[in-house]
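Report on the structure given below.
Just so you know, all these numbers are worked out from the coordinates, no wet-lab data involved. What you see is a predicted model, and the numbers here were worked out from it, not measured in a lab. Because the Cβ atoms are built from the backbone with ideal geometry, glycine has one as well, and the counts that use them run over all protein chains shown.
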Amino acid sequence: MVAVLLICFQTLPVEGQVFQPVRPTSKSVPEYKVRIKNTYPHDTGAFTEGLLFRDGFLYESTGINGRSGIRKVELQTGRVVQKHDLPECHFGEGLADWGDSLVQLTWRSGKGFVYDFVSFELKSEFSYTGEGWGITSDGKNLIMSDGTNRLKFLDPTTFQPERTIAVHSAGRAIHYLNELEYINGEIFSNVWMTDSIVIISPRTGEVTGWVDLSDLRKQFPKDTKAEELNGIAWDREKKRLFVTGKNWPMLFEVELTKGD
């Protein structure tokens, strides 16, 4: 009998300098800033890849091989009250809730995990082609990003794509769609390597708004080593919008305001 040892190797993404993208111009697409309503502590060791809010707690997926996992976090204190670690060979990515489950993607393993929402016990696994970046739900489908300008709408039982939309603005494709959140009938998506969010029509893929959150960095303590914005969570009951980023020292409750 020959034992076969399978080892996963992944290369970390190159995290470049955070920048604001050149936006395809269109007078019909509004641009927003944000107003800070509240600030909360956030673990600077958390390389945030997925974020959601439910039942009074934040649920967060973290990346980096050997540091990836899911966690339940107190909003007011930032304290991790429950966690589940991924094997070192997996780089954690997006996180969504579906019924009594949490669904987590991985970056280049081609594998997703389904956990019990309460216990974090692993219930099942599923496979997909390409990379896994962000995931959210519109109540009918799971919606997945893979780093391109395309979003896949997955059957929540089989995890097979049912349809795909191409995200665009002013006739140009918008790439690097990352962490996702479904809010009031639209998809909010972080754009990798930026502190921007695009608001997307789930029907057409058209960008209906740009949100610039770069001013949030002014709140950081000096010498903070924070990567780009990546984490959007929506409190459906109280209509609160939370954002944070990779290795950020803070999580912000914000509201959108019209840009200059």
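In straight-distance terms, cross-link reach from Lys123 covers every one of the lysines whose alpha-carbon lies under 20 Å from its own, apart from those fewer than eight places away in the same chain; here that gives Lys72, Lys83, Lys111. As a proxy for reagent exposure, Thr164, Thr194 were ordered by neighbouring Cβ count within 10 angstrom, fewest first; the result is Thr164, Thr194.
For the pair Thr224 and Tyr176, label points projected 7 Å from Cα toward Cβ lie 2.0 nm apart. Each label point was placed 7 Å from the Cα along the Cα-to-Cβ direction; for Lys123 and Lys238 their separation is 2.7 nm. In this simple spin-label approximation, Thr77 and Lys111 carry label points 7 Å from Cα along the Cα→Cβ vector, and these lie 3.4 nm apart.
Structure note, pairs Lys218/Lys238; Lys218/Lys246; Lys225/Lys246: Cα-Cα distances above 20 angstrom occur for Lys218/Lys238.
With contacts defined as alpha carbon pairs under 8 Å and 6 or more residues apart, what's the relative contact order of the range 31-258 in percent? Intermediate results must be reported in sequence, preceding the final value.
On the way: 643 pairs, mean separation 47.8, N = 228.
RCO, the range 31-258: 21 percent.
Stretching Arg54 away from Ile183 to a fully extended chain increases their span by 45.1 nm, per 0.36 nm per residue minus the current alpha-carbon distance.
Counting 0.36 nm for each residue step from Thr208 to Lys33 and taking away their Cα separation leaves a gain of 61.6 nm.
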